[in-house]
Amino acid sequence: MSKQISAVEWLENEFQEICKDFGGLHTDFIERFNQAKAMEKEQIIEAHSDGRKRQIENSEQYYNETFKSE
């Protein structure tokens, strides 16, 4: 089973492949890719957290509407 890669990781791999005949990626690009990966990770964590909050809120609303009114 292969590991799923992010869009930023895919793009980095593509650039590495393109640049391999020219001595590889310049260190400035590598730093930018690392920054992009950190930003992407933060966005994914935030989106997951927001989704969990909505899920919990919806669960509480369901509970209150279904059971609390009895």
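What follows draws every value from the coordinates through simple rules; no lab data is involved. This is a predicted model, so every value here is computed, not measured. Ideal geometry is used to build each Cβ from the backbone, glycine not excepted, and the neighbour counts take in all protein chains shown.
Scanning the stretch 1-59 for residues that are of a type in the set (G, A, S) and in a helix (DSSP H, G or I) returns A7, A36, A38, A47, S49, G51, S59. If you check E65 against the conditions, is it exposed (fewer than 10 other Cβ atoms within 10 Å of the Cβ) and of a type in the set (D, E)? Taking the combined requirement at face value, the residue satisfies it. Figure legend. Inter-residue proximity from the stretch 24-49: first residues under 18 Å from I5 (Cα atoms), second residues assigned to a helix (DSSP H, G or I) and among the small types (G, A, S), beta-carbon distance below 8 Å, spacing 6+ or different chains. Indicated pairs: E40/A7.
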